[in-house]
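What follows is a set of notes on a single structure, which appears directly below.
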Amino acid sequence: MNDSSTLVLEQRRYQAGALTHHHDFHQLILPVAGQLYLKLNRNEQWVNQQHCAIIPAGADHTFEGQAGNLFLVADVPSSFSYLIEQLPSVIPMNNSIANYAQFLNQELAIHQMSPNTPILSSMIQLLIQLLHEQGNNGLLKADSRATLVKQYIDSHYTENLTLGQLAALVHLSPRQLSTVFKKAYGLPPLHYQLQLRMEQAQHLLRTSNLPIQKIAESVGYSNLSAFSDRFRRYFGHAPRYYR
């Protein structure tokens with residue numbers, strides 16, 4: 001069981017048979033498949049492809065899953081209360097929320113998300129922003145999207161990222177993302193990724209005895225020639241300069 005200070009995002013299937021309980025943290029429930037019966041504050045409703053649900057901390061609620069259901073459930077700590085408490089208990093799904101839910105579901109299928117990480121916090125903040133925007137009540141600063149992309153790159157910089165992929169993460173066009181990110185961090189997203197790769201490679205060349213091929217692979221380059229060429233153009237000398 002979670003507590004009121006832990007931020008968690010997980011996939012969950014609800015079982016048949018009504019259960020009633022409450023918890024000391026807020027909860028966001030996003031549909032992926034199927035539906036969930038929910039009774040909250042004497043109001044009965046279905047959480048499904050048309051609606052998501054917000055359960056406030058301390059609220060008694062009854063729930064029962066239908067066959068084939070799958071939901072994304074975020075256990076949200078009390079530090080988010082000033083945002084969560086302004087949301088209604090049920091919010092209609094729009095395309096932005098539905099697409100973002102699918103993205104989060106795909107991320108959970110590929111990567112295990114540890115609780116309370118900065119990138120998870122940014123992901124949940126963006127989700128809350130989308131929920132508020134659905135109610136025409138946006139609260140978070142626009143640069144939170146640049147922050148989320150930066151933290152995503154920090155965690156995935158060895159992968160072959162594309163600008164379109166990063167833009168989809170925060171529901172911006174590639175051009176919009178480049179503008180927002182450069183305003184926040186001084187360079188476009190993929191240039192920032194390149195900076196991380198090159199600086200990490202330089203650090204390993206200076207401080208380790210790893211072969212250059214292994215260093216290239218560790219920062220996302222399977223081709224040594226491509227890595228050496230990129231490194232030379234970035235620093236003005238070849239990787240072997242440090243050996």
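The values are calculated or read from the model by the stated rules, or taken from the named source; none is laboratory data. Here the structure is a predicted model, which is why all the values come from computation and not from measurement. Glycine gets a Cβ as well: all are built from the backbone with ideal geometry, and neighbour counts include every protein chain shown.
Return the residues of the stretch 172-194 that are outside any helix (DSSP H, G or I) and surrounded by fewer than 19 Cβ atoms within 10 Å (Cβ to Cβ); say none if nothing qualifies.
If the condition is that a residue be outside any helix (DSSP H, G or I) and surrounded by fewer than 19 Cβ atoms within 10 Å (Cβ to Cβ), then Ser173, Gly186, Leu187, Pro188 are the ones that fit.
Note down all Cβ pairs under 6 Å where the first residue falls in the stretch 1-12 and is closer than 12 Å to Met113 by Cβ, the second is modelled with pLDDT under 80, and they're at least six residues apart or on different chains.
What qualifies is Val8/Asn2.
Could you tell me which of the residues Arg145, Arg197 is part of a helix (DSSP H, G or I), among the charged types (D, E, K, R) and at pLDDT 90 or above?
From the options Arg145, Arg197, the qualifying one is Arg197.
What do you reckon, is Ala109 modelled with pLDDT under 90, of a type in the set (Gly, Ala, Ser) and in a helix (DSSP H, G or I)?
Here the answer is yes, as Ala109 does meet what is asked.
Filter the stretch 13-60 down to residues that are under 27 Å from the mean Cα position of the chain (by Cα), touching a residue at least 40 places away in the same chain (Cβ under 8 Å), buried (at least 17 other Cβ atoms within 10 Å of the Cβ) and over 23 Å from Leu120 (Cβ atoms), then give me how many there are.
Of the residues in the stretch 13-60, 1 are under 27 Å from the mean Cα position of the chain (by Cα), touching a residue at least 40 places away in the same chain (Cβ under 8 Å), buried (at least 17 other Cβ atoms within 10 Å of the Cβ) and over 23 Å from Leu120 (Cβ atoms).
Only one of (1) assigned to a loop (DSSP other than H, G, I, E, B); (2) in contact (Cβ under 8 Å) with a residue 40 or more places away in the chain fails for Ala98. Which number is that?
Only one criterion in (1) assigned to a loop (DSSP other than H, G, I, E, B); (2) in contact (Cβ under 8 Å) with a residue 40 or more places away in the chain is unmet by Ala98, namely (1).
Counting only residues that are in a loop (DSSP other than H, G, I, E, B) and under 19 Å from Ile84 (Cα atoms), which one in the stretch 1-12 is nearest to the chain's Cα centre (by Cα)? Talk me through it step by step, then tell me what you get.
Step one: filter the stretch 1-12 for residues in a loop (DSSP other than H, G, I, E, B), giving 1-7.
Imposing the further condition that a residue be under 19 Å from Ile84 (Cα atoms) reduces the set to 2-7.
On the way: Asn2: 20, Asp3: 21, Ser4: 20, Ser5: 19, Thr6: 16, Leu7: 12 Å.
It comes out as Leu7.
Scan (1) exposed (fewer than 15 other Cβ atoms within 10 Å of the Cβ); (2) in contact with a helix residue (DSSP H, G or I) (Cβ under 9 Å, 6 or more places away or on another chain); (3) without any contact (Cβ under 8 Å) to a residue 12 or more places away in the chain for the single condition Gly236 breaks and write down its number.
Status for Gly236: all satisfied but (2).
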